[in-house]
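Reading through the structure tokens given below for one structure.
The values are calculated or read from the model by the stated rules, or taken from the named source; none is laboratory data. Predicted, not measured: the structure shown is a model, and the values here were computed from it. Positions of Cβ are generated from backbone atoms using ideal geometry, with glycine treated the same way; all protein chains shown enter the neighbour counts.
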Amino acid sequence: MIELFKHILHLDFEWLFQNYGTMVYFILFLVIFTETGLVIMPFLPGDSLLFTAGLFARMGYMNIAFLVLLLFIAAVVGDNTNYFVGKNIGLNVLKLKFRGKVLVKQEYLDKTHSFYEKYGVKTIIMARFVPIVRTFAPFVAGIAEMKYRTFLLFDLLGGALWIGSLTFAGYFLGHFEIIRNNIEKVALAIIFISVLPIVFEVIKARSTKK
């Protein structure tokens, strides 16, 4: 299991196919579901995994249509799991009392609720493309008690855009030999680009604070 986890983190698809064959579909489903559905696992590869999967589909290892549909389902089921965990468990945990005081004041929960009522739609879609944030966004949406109908609608849209854009990008760019011969470098570039929004927000927050 540790060996498998190591190769997943390194996006070693050749090793995965040599050892698991068509079971790779199931492995990829679990990775996307876990990254989006379990708030304690935000460090799993997402963007780079999708791009690399699309690239290997181009090379004939997988069926691109089935791959995109499967990963889309994984992303949506993962987000919805995270949402209901936040709504049914996270909110109750935050309301627990420690030494006579609640862990999080009601006014903070009210502010979070108001934020998601006003900006939740944009957050749910944009968060899909930001590592770590996409793991916590549905969980926080559940805590904020964002209307489920609204959450589901835009989660479906965000999931389709995220899975479709990155997987098909890998599939179509996989046509170029320079991309196929530099998979690790391309994956690193995608990871770097993905975390840029977080870096910019941290810099912006520090500048505003000063």
(request) Mind listing whichever residues of the stretch 80-97 are under 14 Å from MET146 (Cα atoms) and at pLDDT below 85? (result) GLY90, LEU91
(request) Scan the stretch 43-77 residue by residue and report those that are out of contact with any Asp or Glu (no Cβ under 7 Å at 6 or more places or on another chain) and not in a helix (DSSP H, G or I). (result) PHE43, PRO45, MET59, GLY60, TYR61, MET62, ASN63
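Kindly indicate which of PHE13, PHE43, PHE51 is at pLDDT below 95 and touching a Phe, Trp or Tyr at 6+ places or on another chain (Cβ under 6 Å). Steps first, please.
On the way: PHE43 fails: touching a Phe, Trp or Tyr at 6+ places or on another chain (Cβ under 6 Å); PHE51 fails: touching a Phe, Trp or Tyr at 6+ places or on another chain (Cβ under 6 Å).
Among PHE13, PHE43, PHE51, only PHE13 is at pLDDT below 95 and touching a Phe, Trp or Tyr at 6+ places or on another chain (Cβ under 6 Å).
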